[in-house]
Amino acid sequence: MKLTFLGTGTSTGIPTLGCHCPTCFSTDPHDYRTRSSIVLEFDGHVVVVDTTPDFRQQALRERIERLDAVVFTHTHADHVFGLDDVRVFNLRQKHAIPIYADSRSMEDIRRIFTYIFKGDYAAGGIPRLDPHVIDGPFDLWGMRMVPLPVLHGDLPVLGFRFHRTAYITDFSAIPESTMAMLQDLDVLILDALRHNPHPTHSTVEQSLEIVNRLRPRRAFFTHIAHELGHESTNSALPPNVRLAYDGLKIELPEDSG
Ligand SMILES: [Zn+2]
Ligand SMILES: [Zn+2]
(Lines give C-alpha, C1' and ligand atoms only; values in the text may rest on other atoms or scores of the structure.)
(Ligands and ions follow the chains in the order given, each with its own letter.)
Protein backbone atom coordinates (compact mmCIF):
# COMPACT_ATOMS: atom_id res chain seq x y z
CA MET A 1 0.00 0.00 0.00
CA LYS A 2 1.19 3.48 -0.86
CA LEU A 3 0.45 6.57 1.26
CA THR A 4 0.94 10.02 -0.27
CA PHE A 5 0.76 13.26 1.66
CA LEU A 6 -1.57 15.39 -0.46
CA GLY A 7 -1.05 18.33 1.89
CA THR A 8 0.84 19.01 5.11
CA GLY A 9 -0.03 22.62 5.95
CA THR A 10 -2.10 24.20 8.67
CA SER A 11 -5.51 25.69 7.89
CA THR A 12 -4.18 28.82 6.13
CA GLY A 13 -1.83 26.93 3.85
CA ILE A 14 1.82 27.97 3.49
CA PRO A 15 2.71 30.54 2.18
CA THR A 16 0.13 32.32 4.31
CA LEU A 17 -1.58 35.15 2.45
CA GLY A 18 0.24 38.45 3.00
CA CYS A 19 2.98 36.93 5.18
CA HIS A 20 6.64 37.85 4.60
CA CYS A 21 8.24 35.40 7.05
CA PRO A 22 11.23 33.24 5.96
CA THR A 23 9.06 30.10 5.54
CA CYS A 24 6.39 31.89 3.51
CA PHE A 25 9.15 33.45 1.34
CA SER A 26 11.22 30.25 1.18
CA THR A 27 12.38 28.88 -2.17
CA ASP A 28 12.61 25.34 -0.76
CA PRO A 29 9.62 23.44 -2.27
CA HIS A 30 9.29 21.52 1.04
CA ASP A 31 8.10 24.78 2.62
CA TYR A 32 5.14 25.03 0.21
CA ARG A 33 2.28 23.35 2.11
CA THR A 34 -1.30 22.88 0.99
CA ARG A 35 -3.99 21.92 3.50
CA SER A 36 -3.53 18.57 5.30
CA SER A 37 -4.78 15.35 3.70
CA ILE A 38 -3.49 11.93 2.64
CA VAL A 39 -4.36 9.44 -0.09
CA LEU A 40 -4.04 5.66 0.25
CA GLU A 41 -3.61 3.50 -2.85
CA PHE A 42 -3.90 -0.27 -2.64
CA ASP A 43 -5.04 -3.04 -5.03
CA GLY A 44 -6.26 -0.43 -7.53
CA HIS A 45 -8.35 1.39 -4.90
CA VAL A 46 -7.93 5.05 -4.01
CA VAL A 47 -9.07 6.35 -0.60
CA VAL A 48 -8.66 9.97 0.44
CA VAL A 49 -8.69 11.15 4.05
CA ASP A 50 -10.34 14.63 4.06
CA THR A 51 -11.12 16.81 1.02
CA THR A 52 -9.31 20.08 1.60
CA PRO A 53 -9.92 23.36 -0.28
CA ASP A 54 -6.77 22.34 -2.20
CA PHE A 55 -8.09 18.88 -3.15
CA ARG A 56 -8.36 19.61 -6.88
CA GLN A 57 -4.78 20.90 -7.15
CA GLN A 58 -3.51 18.06 -4.97
CA ALA A 59 -5.27 15.47 -7.14
CA LEU A 60 -3.87 17.07 -10.32
CA ARG A 61 -0.36 17.09 -8.85
CA GLU A 62 -0.55 13.43 -7.83
CA ARG A 63 -2.42 12.38 -10.99
CA ILE A 64 -5.33 10.89 -9.03
CA GLU A 65 -7.61 9.48 -11.72
CA ARG A 66 -10.18 7.63 -9.64
CA LEU A 67 -11.64 7.89 -6.17
CA ASP A 68 -13.22 4.99 -4.31
CA ALA A 69 -13.96 6.54 -0.91
CA VAL A 70 -13.49 9.64 1.23
CA VAL A 71 -12.97 9.32 4.98
CA PHE A 72 -13.34 12.41 7.17
CA THR A 73 -11.48 13.25 10.39
CA HIS A 74 -13.67 16.30 11.21
CA THR A 75 -15.44 19.13 9.44
CA HIS A 76 -13.30 22.24 9.90
CA ALA A 77 -13.22 24.16 6.62
CA ASP A 78 -9.64 23.14 5.81
CA HIS A 79 -10.69 19.46 5.83
CA VAL A 80 -13.98 19.46 3.91
CA PHE A 81 -14.29 22.40 1.52
CA GLY A 82 -12.93 20.50 -1.48
CA LEU A 83 -15.73 17.91 -1.39
CA ASP A 84 -17.57 19.32 -4.43
CA ASP A 85 -14.59 18.47 -6.66
CA VAL A 86 -15.15 14.72 -6.27
CA ARG A 87 -18.06 14.95 -8.73
CA VAL A 88 -15.78 14.49 -11.74
CA PHE A 89 -15.03 11.01 -10.40
CA ASN A 90 -18.80 10.28 -10.30
CA LEU A 91 -18.93 11.05 -14.00
CA ARG A 92 -15.87 8.95 -14.78
CA GLN A 93 -16.84 5.99 -12.60
CA LYS A 94 -20.64 6.22 -13.04
CA HIS A 95 -21.51 5.47 -9.42
CA ALA A 96 -21.93 7.24 -6.09
CA ILE A 97 -18.78 7.64 -3.98
CA PRO A 98 -18.96 6.35 -0.39
CA ILE A 99 -18.06 8.90 2.26
CA TYR A 100 -17.34 8.00 5.90
CA ALA A 101 -17.65 10.31 8.91
CA ASP A 102 -18.78 10.08 12.52
CA SER A 103 -22.37 11.13 13.24
CA ARG A 104 -21.47 14.69 14.26
CA SER A 105 -19.34 15.24 11.16
CA MET A 106 -21.95 13.66 8.86
CA GLU A 107 -24.57 16.08 10.21
CA ASP A 108 -22.17 18.96 9.52
CA ILE A 109 -21.45 17.70 5.99
CA ARG A 110 -25.20 17.46 5.23
CA ARG A 111 -25.64 21.03 6.52
CA ILE A 112 -22.55 22.58 4.87
CA PHE A 113 -23.32 20.89 1.53
CA THR A 114 -27.13 21.20 1.64
CA TYR A 115 -27.29 21.44 -2.15
CA ILE A 116 -25.68 18.00 -2.51
CA PHE A 117 -28.16 16.21 -0.28
CA LYS A 118 -31.40 18.18 -0.74
CA GLY A 119 -32.33 16.49 -4.00
CA ASP A 120 -33.80 19.53 -5.79
CA TYR A 121 -30.65 21.11 -7.23
CA ALA A 122 -31.69 22.15 -10.71
CA ALA A 123 -28.39 23.03 -12.37
CA GLY A 124 -26.88 19.54 -12.36
CA GLY A 125 -23.20 18.93 -11.70
CA ILE A 126 -23.30 17.92 -8.06
CA PRO A 127 -21.44 15.06 -6.38
CA ARG A 128 -23.29 11.79 -5.85
CA LEU A 129 -22.29 10.54 -2.41
CA ASP A 130 -23.14 7.45 -0.42
CA PRO A 131 -22.88 8.47 3.29
CA HIS A 132 -21.73 5.96 5.91
CA VAL A 133 -21.72 6.93 9.59
CA ILE A 134 -18.64 5.65 11.42
CA ASP A 135 -19.55 3.91 14.68
CA GLY A 136 -16.58 1.55 14.93
CA PRO A 137 -13.97 -0.13 12.72
CA PHE A 138 -15.02 -0.57 9.10
CA ASP A 139 -13.69 -2.37 6.06
CA LEU A 140 -12.57 -0.79 2.77
CA TRP A 141 -11.82 -3.52 0.22
CA GLY A 142 -10.02 -5.66 2.74
CA MET A 143 -8.37 -2.77 4.57
CA ARG A 144 -9.62 -2.40 8.14
CA MET A 145 -10.02 1.25 9.16
CA VAL A 146 -10.01 1.71 12.93
CA PRO A 147 -11.33 5.11 14.10
CA LEU A 148 -9.13 6.71 16.76
CA PRO A 149 -11.08 9.14 19.00
CA VAL A 150 -8.93 12.16 19.94
CA LEU A 151 -9.59 15.71 21.12
CA HIS A 152 -9.04 18.81 18.96
CA GLY A 153 -9.45 21.44 21.69
CA ASP A 154 -12.90 20.57 23.05
CA LEU A 155 -14.03 18.94 19.82
CA PRO A 156 -14.02 15.12 19.57
CA VAL A 157 -12.49 14.23 16.19
CA LEU A 158 -11.08 11.08 14.59
CA GLY A 159 -7.71 9.76 13.56
CA PHE A 160 -7.46 6.42 11.77
CA ARG A 161 -5.38 3.28 12.07
CA PHE A 162 -4.97 1.06 9.00
CA HIS A 163 -2.64 -1.92 9.06
CA ARG A 164 0.30 -0.74 11.19
CA THR A 165 -0.03 2.94 10.32
CA ALA A 166 -1.91 5.64 12.21
CA TYR A 167 -2.88 9.08 10.88
CA ILE A 168 -3.86 11.67 13.51
CA THR A 169 -4.11 15.21 12.16
CA ASP A 170 -5.73 18.04 14.15
CA PHE A 171 -5.54 17.00 17.79
CA SER A 172 -4.43 18.46 21.10
CA ALA A 173 -4.94 15.41 23.32
CA ILE A 174 -5.00 11.63 22.86
CA PRO A 175 -7.04 9.79 25.52
CA GLU A 176 -5.39 6.75 27.15
CA SER A 177 -8.02 4.47 25.58
CA THR A 178 -6.80 5.63 22.15
CA MET A 179 -3.11 5.43 23.13
CA ALA A 180 -3.79 1.73 23.77
CA MET A 181 -4.85 1.39 20.11
CA LEU A 182 -1.51 2.79 18.91
CA GLN A 183 0.81 -0.02 19.92
CA ASP A 184 3.16 -1.81 17.46
CA LEU A 185 3.02 0.86 14.77
CA ASP A 186 5.28 0.94 11.77
CA VAL A 187 4.32 4.53 10.90
CA LEU A 188 2.75 7.17 13.15
CA ILE A 189 1.63 10.45 11.56
CA LEU A 190 0.86 13.27 13.98
CA ASP A 191 -0.20 16.91 13.99
CA ALA A 192 2.76 19.15 14.99
CA LEU A 193 1.71 22.74 14.35
CA ARG A 194 4.67 24.70 15.75
CA HIS A 195 6.79 24.99 18.93
CA ASN A 196 4.57 27.35 20.94
CA PRO A 197 1.54 25.82 22.68
CA HIS A 198 -1.80 26.08 20.88
CA PRO A 199 -5.28 25.40 22.33
CA THR A 200 -6.38 22.96 19.60
CA HIS A 201 -3.17 21.57 18.07
CA SER A 202 -0.25 19.46 19.23
CA THR A 203 3.22 21.01 19.13
CA VAL A 204 6.52 19.50 17.96
CA GLU A 205 7.51 18.86 21.60
CA GLN A 206 4.13 17.30 22.55
CA SER A 207 4.14 15.06 19.49
CA LEU A 208 7.76 14.02 20.16
CA GLU A 209 6.66 12.95 23.65
CA ILE A 210 3.93 10.79 22.13
CA VAL A 211 6.44 9.27 19.70
CA ASN A 212 8.79 8.52 22.59
CA ARG A 213 6.00 6.77 24.48
CA LEU A 214 4.63 4.74 21.57
CA ARG A 215 7.94 3.99 19.82
CA PRO A 216 6.69 3.50 16.24
CA ARG A 217 9.38 2.51 13.75
CA ARG A 218 8.97 5.87 12.00
CA ALA A 219 6.99 9.04 12.65
CA PHE A 220 5.98 11.94 10.40
CA PHE A 221 4.62 15.31 11.47
CA THR A 222 1.94 17.18 9.51
CA HIS A 223 -0.52 20.15 9.73
CA ILE A 224 2.54 22.39 9.93
CA ALA A 225 2.42 26.18 10.42
CA HIS A 226 4.82 28.75 8.95
CA GLU A 227 6.71 28.99 12.26
CA LEU A 228 8.45 25.74 11.23
CA GLY A 229 10.90 25.90 8.36
CA HIS A 230 11.34 22.45 6.80
CA GLU A 231 15.11 22.14 6.76
CA SER A 232 15.88 23.75 10.13
CA THR A 233 13.09 21.84 11.93
CA ASN A 234 13.99 18.50 10.35
CA SER A 235 17.66 18.80 11.28
CA ALA A 236 16.70 19.12 14.96
CA LEU A 237 14.43 16.03 14.98
CA PRO A 238 15.51 12.47 15.81
CA PRO A 239 16.41 10.46 12.66
CA ASN A 240 13.23 8.33 12.76
CA VAL A 241 10.99 11.43 12.99
CA ARG A 242 10.58 13.67 9.94
CA LEU A 243 8.45 16.62 8.93
CA ALA A 244 6.19 15.43 6.15
CA TYR A 245 5.91 17.53 3.00
CA ASP A 246 3.45 17.78 0.13
CA GLY A 247 3.96 14.89 -2.27
CA LEU A 248 5.93 12.69 0.17
CA LYS A 249 5.17 9.02 -0.57
CA ILE A 250 5.72 6.10 1.77
CA GLU A 251 5.26 2.39 1.19
CA LEU A 252 3.34 0.71 4.01
CA PRO A 253 3.43 -2.93 5.04
CA GLU A 254 -0.04 -4.51 4.82
CA ASP A 255 0.10 -6.79 7.81
CA SER A 256 -2.42 -7.23 10.56
CA GLY A 257 -3.27 -4.65 13.19
ZN1 LIG B 1 -6.97 21.39 10.17
ZN1 LIG C 1 -9.33 21.26 12.64
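The values are calculated or read from the model by the stated rules, or taken from the named source; none is laboratory data. Predicted model, so just to flag it, every value in this text is computed and none were measured. Reconstructed Cβ throughout: ideal geometry from the backbone, glycine too, with neighbour counts over all protein chains shown. The accessibility values were calculated without ligands, DNA or RNA, using every heavy atom of the protein model including side chains. Shrake-Rupley method; radii C 1.70, N 1.55, O 1.52, S 1.80 Å.
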inquiry  = Connecting C-alpha atoms closer than 10 Å in a GNM of the chain, tell me which of 108, 84, 120 has the biggest fluctuation.
reply    = 120
key: About the Cα centre, charge dipole magnitude for the chain (Lys/Arg +1, Asp/Glu -1 at Cβ), debye   = 380
request  = Compute the long axis of helix 103-112 from its Cα atoms, compare it with the longest principal axis of the Cα atoms of the chain, and write down the angle in degrees, 0 to 90, nearest 10.
outcome  = 60
inquiry  = Can you tell me the orientation of helix 204-214 relative to the chain, as the angle in degrees between its alpha-carbon axis and the longest Cα principal axis, to the nearest 10?
reply    = 90
query = Which residue, chosen from 142, 220, 18, occupies the Cα position most advanced towards the positive end of the dipole of the chain, where the dipole is computed from +1 (Lys, Arg) and -1 (Asp, Glu) charges on Cβ about the Cα centre?
reply = 142
note = Where a ≥ b ≥ c are root eigenvalues of the Cα gyration tensor, a/c under 1.5 meaning rounded, otherwise prolate if a/b exceeds b/c and oblate otherwise, segment 2-246 counts as prolate
message = Could you tell me which residue out of 122, 163, 193 lies farthest along the dipole of the chain toward its positive end? Charges go on the beta carbon: Lys and Arg +1, Asp and Glu -1, centred on the Cα centre.
response = 122
key: Computed magnitude of the charge dipole of segment 33-83 (debye, nearest 20; Cβ of K, R +1, Cβ of D, E -1)   = 220
note = Residue-ordered couplings for segment 233-249, obtained by feeding phi - 60° into the Karplus form 6.51 cos²θ - 1.76 cosθ + 1.60 and rounding to whole Hz (Gly and Pro as x), are 5, 4, 5, 9, 8, x, x, 8, 10, 10, 6, 6, 8, 4, x, 4, 10
task = Return the whole-Å distance between the Cα centroid of segment 41-120 and the Cα centroid of segment 223-257.
result = 24
inquiry  = Given an 8 Å cut-off on Cα distances and at least 6 residues of separation, report the relative contact order of the chain as a percent.
reply    = 20
message = If you count only protein heavy atoms with a 1.4 Å probe, what accessible area per residue comes out for the chain, rounded to a whole Å²?
response = 45
Lys/Arg +1, Asp/Glu -1 at C-beta; segment 72-123 dipole; positive extreme among 81, 109, 98 = 98
query = Among rounded, prolate and oblate, which fits segment 173-257 when a ≥ b ≥ c are the square roots of the eigenvalues of its C-alpha gyration tensor, a/c under 1.5 means rounded, and a/b larger than b/c means prolate?
reply = oblate
note = Connecting every pair of Cα atoms under 10 Å apart in the chain and solving the GNM, the largest mean-square fluctuation among 36, 103, 232 falls on 232
inquiry  = What lysines does residue 2 reach when the alpha-carbon gap must be under 24 Å and sequence neighbours fewer than 8 apart in one chain are set aside?
reply    = 249
query = In debye, nearest 20: dipole of segment 1-132 around its Cα centre with unit charges on the Cβ of K, R (+) and D, E (-)?
reply = 320
query = Whole-Hz Karplus ³J(HN,Hα) for segment 165-170, in order, using 6.51 cos²θ - 1.76 cosθ + 1.60 and θ = phi - 60°, x for Gly and Pro?
reply = 10, 10, 10, 10, 9, 6
query = So for the pair residue 66, residue 112, with labels modelled 7 Å out along Cα→Cβ, what separation do we get in nm?
reply = 2.7
ask   = For segment 43-170, which whole percent of the accessible surface, found with a 1.4 angstrom probe, sits on carbon and sulfur atoms?
value = 49
